[in-house]
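Read through the structure below, which is laid out as structure tokens, and then see the notes.
The values are calculated or read from the model by the stated rules, or taken from the named source; none is laboratory data. All values derive from a computational prediction rather than experimental measurement. Cβ placement follows ideal geometry from the backbone for every residue including glycine, while neighbour counts extend to all protein chains displayed. Just the protein is used for accessible areas: all its heavy atoms, side chains included, with ligands, DNA and RNA removed. Shrake-Rupley method; radii C 1.70, N 1.55, O 1.52, S 1.80 Å.
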Amino acid sequence: MSNNFMRLLNPATDSPCCMLDTMFDLHVPVGLSPPLFFHISLQDLFGVSMIIPLLSHHVKALGASPTVAGIVGSTYGILQLFSSTIVGSWSDVVGRRYSLLTCLLLSTLGYGLLGMSTSIALFVLARIPVGLFKHSLSICRALLSDLVSASERPLVMGHFNAASSVGFILGPVVGGYLTEHEGGFYTSSFTCAAIFLINAGLVWMIPQSETVANRNDTVCRNDTSTGYHENHFSKSVQNGSHTNSHHPLLTAETQQESTSSEKHRGGFRWRDVPFLQPVWKQLSSVGSRIHIVASSDMWDLFLVRLLMAIAIMLYYSNFSLAMEERFLLKPKMTGYLISYSSTLGALAGFLVGPVTQLYKNNMSALLLHSTVLTSTLIFLYAAAPNVWQVLLTSTFFAISTTIGRTCITDLELERGGVQASGTLIGAGQSVTAVGRILAPLLSGLAQEFSPCGPPSLGVVLALAAVALLLIRIPKWDARGMTKTAKFRNSHEQKLVH
């Protein structure tokens with residue numbers, strides 16, 4: 001395992017200029033380290049998807065009424081809503097490896113308790129650690145964003161999402177098979193716990209370099225004369241893209257704080273608090289990062305994420321019921337259609353890289369076009385006169401949504417700065433969790449009018465996202481051009497002197 005890779009796994013030991021230069025100087029082949037995390041993501045969602053379809057049946061078997069079952073079922077979503085950003089920011093503070101290990105081990109505990117849940121109280125207790133710390137995929141995404149360059153990030157994220165989708169497709173099949181046997185739910189729960197324990201072992205076995213500190217000091221001294229922003233600008237031009245042309249939001253907004261201490265050479269150190277320091281220092285650092293993101297000008301990206309998340313969830317919310325009422329389609333055939341769409345979504349992850357190259361890494365334009373396509377497909381589904389049109393829309397819908405999710409994540413990292421990728425990805429997951437809470441309510445209200453009500457409402461929300469992008473993208477591009485010009489002028493002045 002390369003020393004550069006280990007430096008990224010233990011960012012608390014790195015100085016700021018080294019960490020940022022390492023992120024963009026890494027020319028790690030995609031086949032070297034990321035596949036480990038592809039494997040972890042596949043196993044992660046494989047284990048989780050074994051459990052998800054069985055939870056409602058198990059809690060009812062424990063004697064819960066439908067109302068109590070609904071309240072218990074919402075516990076996980078509510079905990080995820082509040083913990084996503086906090087845990088993501090914590091991974092920026094203490095480092096990816098330590099935070100990922102903690103999340104995997106506590107998730108193992110939660111699923112192990114679920115395998116012993118013989119009462120509703122124990123069932124709720126088992127969901128608490130999972131709801132608070134089941135953020136292993138988010139941390140893996142943040143680590144991958146650290147590991148690869150900005151131009152490689154969409155490709156790697158697409159493959160990561162594809163691996164996750166494969167796990168989510170296979171898990172219910174195995175879970176359903178195990179449930180047919182006596183004690184099948186408990187067997188599935190313990191199997192899921194064992195999978196998370198294996199993943200924790202894989203992360204733990206990654207070797208750590210003992211010469212990191214000396215290498216960091218050497219690289220920092222060699223690179224100080226050039227500076228991160230000039231190197232970053234040069235690489236963006238060489239890659240033929242505008243990626244990361246926006247000055248990292250979190251670096252800019254913490255510049256004043258970074259100059260208050262001599263140990264913060266070269267900028268604010270987003271990963272300068274190791275996990276061995278007092279908890280209150282870690283919490284203080286986490287709070288400051290969340291505050292900066294909350295007070296940033298990234299509201300437009302998060303709003304687009306929320307609108308599209310609700311629109312997509314409305315598309316799927318009553319899919320089976322609508323197929324039965326509109327086309328008299330049997331549940332078995334509907335299941336085949338959903339499986340077909342899910343498989344295409346997994347395969348679409350491998351298209352992200354070629355498509356972003358086709359767009360020359362212009363993620364703003366790609367996000368706009370994928371959002372327009374998604375809104376069009378939702379409309380065609382809502383107005384479909386027959387099953388064949390539904391099949392056609394499902395085919396392209398799986399592709400457009402997969403590309404759109406990758407684009408929105410990449411833009412968040414581009415505008416916010418990868419040095420706070422955990423905070424940004426966690427905030428995005430919290431926004432999506434809000435969508436999961438609102439979508440069922442909106443779907444129920446829309447179904448009062450028509451089986452096509454939920455997707456029709458989804459069209460309206462998706463068009464609102466398109467309108468927002470049309471208004472805001474020119475401002476993003478103008479801001480990026482202004483800052484690029486500033487970087488170019490600064491670089492030219494340094495060459496003159």
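Taking 0.36 nm per residue of sequence separation and subtracting the Cα-Cα distance, how much length would be gained by fully extending the chain between residue 118 and residue 357, in nm to one decimal? Please report the intermediate quantities before stating the final value.
On the way: separation 239, 0.36 × 239 = 86.04 nm, distance 5.24 nm.
Separation in residues times 0.36 nm, less the Cα-Cα distance, equals 80.8 nm.
Highest mean first, what order results for 428-436, 305-313 on Cβ atoms within 10 Å? Spell out each step's value before the answer.
On the way: 428-436: 20.6, 305-313: 23.7.
Per-residue Cβ counts within 10 Å, averaged per peptide and sorted highest first, yield 305-313, 428-436.
How do the peptides 333-343, 143-153, 47-57 rank, highest first, by the average count of neighbouring beta carbon atoms within 10 Å per residue? Walk me through the numbers on the way to the answer.
Details: 333-343: 15.1, 143-153: 23.7, 47-57: 19.2.
In decreasing order of mean packing, 333-343, 143-153, 47-57 become 143-153, 47-57, 333-343.
Label points 7 Å out from Cα along the Cβ direction at residue 477 and residue 294: separation in nm?
Placing both labels 7 Å along Cα→Cβ, they lie 3.4 nm apart.
Set the Förster radius R0 to 45 Å, insert the Cβ-Cβ distance between residue 438 and residue 187 as r into 1/(1 + (r/R0)^6), and round the FRET efficiency to 0.05.
Numbers: r = 35 Å, r/R0 = 0.78.
Efficiency, from the Cβ-Cβ distance: 0.80.
What whole-number value in Å² describes the accessible area per residue of the range 133-212 for a 1.4 Å probe? Provide the component values of the computation, followed by the final result.
Numbers: 3190 Å² over 80 residues.
Heavy-atom SASA per residue in the range 133-212 reads 40 Å².
So how do 192-205, 364-377, 441-454 stack up, highest first, on mean other-Cβ count within 10 Å?
Details: 192-205: 18.9, 364-377: 21.4, 441-454: 16.4.
The peptides rank, most packed first, as 364-377, 192-205, 441-454.
Starting from the Cα of residue 205, move 7 Å in the Cα-to-Cβ direction to define the label point; list residues of the range 35-60 whose amide nitrogen is under 20 Å from there.
The answer is 35-47, whose backbone nitrogens lie closer than 20 Å to the label point.
Per 0.36 nm of contour for each residue apart, how much would the distance between residue 347 and residue 174 grow if the chain were fully extended, relative to their Cα-Cα spacing? Write out the running numbers ahead of the final one.
Details: separation 173, 0.36 × 173 = 62.28 nm, distance 2.07 nm.
Stretched fully, the residue 347-residue 174 segment lengthens by 60.2 nm.
Summarise the accessible area of the range 70-186 (1.4 Å probe, protein heavy atoms) by the percent that is carbon and sulfur. Each step should come with its number before you reach the end.
Working: 2980 of 3970 Å².
The value for the range 70-186 is 75 percent carbon and sulfur by accessible area.
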